[in-house]
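Input: a single structure, listed below in structure tokens.
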Amino acid sequence: MTKILVTGSEGLIGKDIVDKFQKKGFEVIEFDIINGFDVLDLSSLKNSVKDADGVIHLAAATRVVTGYKDPYNAVQKNIIGTTNVLESIREINPKCWMIYASSREVYGEGGTNVKESDPINPINVYGATKAGAELITLTYGSNYNLNTFVVRFSNVYGAINDHKDRVIPRFVKQALTNSDITVYGGKQKFDFIHLHDVTDGLIVLVEKIIEGQKLLHRTFHFVSGQATTLMELVEQLIKITNSKSTIKYFPERTYDVNTFVGDPTRTQEILGWNTKISLEKGLSMYVDLIKI
């Protein structure tokens with residue numbers, strides 16, 4: 001039986017991937033600070049990784065705004081925490097593969113049709129810590145002959161346990177309560193992807209690793225490739241919820257990226273993965289989930 005360690009197992013992506021792994025018959029080692037397991041605790045990681053076949057490393061300081069307000073914690077969690085996972089594998093179980101969960105934030109103002117091979121140029125502390133952790137992950141792989149991968153996500157949504165102040169949960173709550181919908185900027189253009197599409201992609205990648213397929217590329221986009229402005233997002237949600245909310249616009253935050261739309265082509269070609277849930281359908285699913 002394949003045994004997979006999932007750090008950040010109680011998070012947005014973590015809970016969904018744990019559920020899918022278990023349904024496939026994998027044994028899952030759940031590792032989350034909510035349950036007393038911290039990636040800054042090297043001894044705890046070594047104990048957890050010793051019998052694992054692979055690691056999905058999701059645990060992190062996960063917000064741009066959190067990194068801006070507490071940069072030291074973001075560096076500790078994202079760079080030192082990731083190094084601790086890699087060092088545990090190197091010392092205790094070098095046959096164990098690792099997938100590191102990264103973010104579109106590594107590109108900074110990436111623009112549209114962004115490919116995995118495009119240069120990284122983060123503009124905020126959070127993005128810089130994710131970029132640093134990516135480089136450490138891939139360098140550990142090449143230096144110590146470890147099987148390491150990076151996956152980059154963009155604006156994942158769709159679960160009840162999401163952070164309430166992230167853009168979609170906040171907009172949905174405001175729309176459902178007919179409160180003012182607060183938009184910082186509005187013309188920013190992003191690539192939104194439903195949680196289920198992301199975790200389906202991770203499952204495909206894990207299965208190919210387990211099968212021993214030679215994956216020459218080490219970095220993969222799990223993105224939709226579809227551009228949506230914040231104004232368009234709000235308009236869709238108002239329509240879906242029949243909201244009477246008024247939109248209130250505020251200036252953009254200086255440390256936020258304004259444009260990112262990823263290119264999923266390489267991931268589609270290598271893994272045979274495609275998104276299945278359109279933004280309209282995904283938003284409707286999320287609204288129904290919140291109403292329950």
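Taken together, the values in this text are just the output of simple stated rules run on the coordinates, not laboratory data. Bear in mind that the values here come from a model prediction, so they are computed numbers and not experimental data. Positions of Cβ are generated from backbone atoms using ideal geometry, with glycine treated the same way; all protein chains shown enter the neighbour counts.
Ordering 235, 87, 134, 105 from the fewest to the most neighbouring beta carbons within 10 Å gives 235, 87, 134, 105. Within straight-line reach of residue 276, meaning a Cα separation under 13 Å, sit the following aspartates and glutamates at least 8 residues removed in sequence or on another chain: 197, 200. Which residue, 129, 66, 83, tops the fluctuation ranking in a GNM of the chain built on C-alpha contacts under 10 Å? Greatest mean-square fluctuation among the candidates belongs to 66.
With the biggest extent put first, the Cα atoms of the range 169-208 measure 46, 23, 8 Å across the principal axes. Of all lysines in the structure, the ones whose alpha carbon falls short of 29 Å from that of residue 50, not counting any fewer than 8 places away in one chain, are 3, 15, 20, 23, 24, 77, 95, 130, 208, 214. The Rg/Rh ratio of the chain, with both radii computed over alpha carbons and Rh defined as the Kirkwood radius, is 0.96. Relative to the first principal axis of the alpha-carbon coordinates of the chain, what is the inclination of helix 81-92, with its axis defined by its Cα atoms, in degrees from 0 to 90 and to the nearest 10? Once rounded, one gets 20 degrees. Each of the peptides 200-211, 239-250 was scored by the mean count of other Cβ atoms within 10 Å over its residues; in descending order, highest first, they stand as 200-211, 239-250. Within a straight-line Cα-Cα reach of under 18 Å, residue 281 can be paired with the following lysines, leaving aside sequence neighbours fewer than 8 residues apart in one chain: 173, 239, 291. The loop-placed trypsin sites (Lys or Arg not before Pro) in the range 33-135, going by DSSP, that have at most 11 neighbouring Cβ atoms within 10 Å of their Cβ come out as 95.
When the chain is treated as a Gaussian network with alpha carbon springs shorter than 10 Å, the biggest mean-square fluctuation among 212, 141, 158 belongs to 212. Once the Cα atoms are used to define both axes, helix 195-210 deviates from the longest principal axis of the chain by about 20 degrees.
Since only 42, 246, 226 are under comparison, the one whose Cα sits farthest along the positive direction of the charge dipole of the chain, derived from C-beta charges on Lys, Arg, Asp and Glu, is 246. Taking Cα atoms only, the orientation of helix 230-241 departs from the longest principal axis of the chain by about 80 degrees. Sorted from greatest to least, the principal axis extents spanned by the alpha carbons of the range 1-60 come out as 30, 25, 15 Å.
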